[in-house]
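I have placed the structure first, in the form of structure tokens, so that the comments after it can refer back to it.
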Amino acid sequence: MVEEIKLEMIEYFKDDIKQIDHALKVHGFASMIAGLEKVPAGKRMSTELAAILHDIGIEEAERKHNSREGRFQEIEGPPIAREILRRCGVSEEMSDRVCFIVGNHHTYHKIDDVDFRIVVESDFIVNLSEGNLRNPDIDEIKVSYFTTTIGKNILDRMYLKAR
């Protein structure tokens, strides 16, 4: 199922290689963190699917709102994600959870469980590597947004210990 969703995401973004690459990198970190944190199977599945689809609304946000801003991604992403999940035979319950994460992944006070947390941590790790954050304070990001042991460990190894 995860591989089918990846393929659907690639088909959706078509020639937007940067967006495809970003989604695959976020998924890679999310899968690794969830595995090493020993997240139960159902939560691991919602983590992985949400990681793949977290920015699926970005092009529609740009088309409708002339902006790639997070709040517009959160509006436009869930309907697109829901349709992809439906086509791939994902249950309504799983689809609801994934769409909740996709529809709130820039609204950090709504983080309510480990699947959502890992998607946010993974997105931060990748956004830092891609230079998508202006003047990032990595220590502040770690304190404010990271709670998993593995996520913190990756952040330390990649950014804090590299200074």
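Okay, here's what the table says:
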| quantity | calculated |
| --- | --- |
| Among the candidates Ile33, Ile52, residue that is within 17 Å of Asp115 (Cα to Cα) and out of contact with any Ser or Thr (no Cβ under 8 Å at 6 or more places or on another chain) | Ile52 |
| Verdict on Ile141 being farther than 18 Å from Met32 by Cα, touching a Leu at 6+ places or on another chain (Cβ under 8 Å) and not small (Gly, Ala, Ser) | yes |
| Failed item, numbered, when Glu4 is tested on (1) surrounded by fewer than 17 Cβ atoms within 10 Å (Cβ to Cβ); (2) closer than 19 Å to Gly103 by Cα | (2) |
| Helices (runs of 4 or more DSSP H) fully within the stretch 65-163 counting 2 or more residues that are under 16 Å from Ile52 (Cα atoms) and under 19 Å from the mean Cα position of the chain (by Cα) | 70-87, 92-102, 114-130 |
| Which listed residue, of Glu60, Glu48, Glu76, is within 22 Å of Val90 (Cα to Cα), surrounded by 14 or more Cβ atoms within 10 Å (Cβ to Cβ), without any contact (Cβ under 8 Å) to a residue 40 or more places away in the chain and not basic (Lys, Arg) | Glu76 |
| Close pairs (8 angstrom Cβ cut-off, 6 or more residues apart or separate chains): within 22 Å of Asp21 (Cβ to Cβ) and touching a residue at least 60 places away in the same chain (Cβ under 8 Å) in the stretch 129-153, assigned to a helix (DSSP H, G or I) and among the small types (Gly, Ala, Ser) anywhere | Gly151/Ser122 |
| Candidates Ser95, Ser46, Ser91, filtered to the one that is within 20 Å of Leu7 (Cβ to Cβ), of a type in the set (Ser, Thr, Tyr) and out of contact with any helix residue (DSSP H, G or I) (no Cβ under 6 Å at 6 or more places or on another chain) | Ser91 |
| Residues (over 15 Å from Ala81 (Cβ atoms) and either of a type in the set (Phe, Trp, Tyr) or not in a loop (DSSP other than H, G, I, E, B) (or both)) located in the stretch 10-29 | Ile17, Lys18, Ile20, Asp21, His22, Leu24, Lys25, Gly28, Phe29 |
| For Glu83: the one exception among (1) surrounded by fewer than 14 Cβ atoms within 10 Å (Cβ to Cβ); (2) free of Cβ contacts under 8 Å to residues at least 60 places away in the same chain; (3) among the acidic types (Asp, Glu) | (1) |
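Every number in this text was worked out from the coordinates using simple rules, so none of it is lab data. Small disclaimer: the values here were computed from a predicted structure and weren't measured. Quick reminder, even Gly has a Cβ in these numbers, built from the backbone with ideal geometry, and neighbours come from all protein chains shown.
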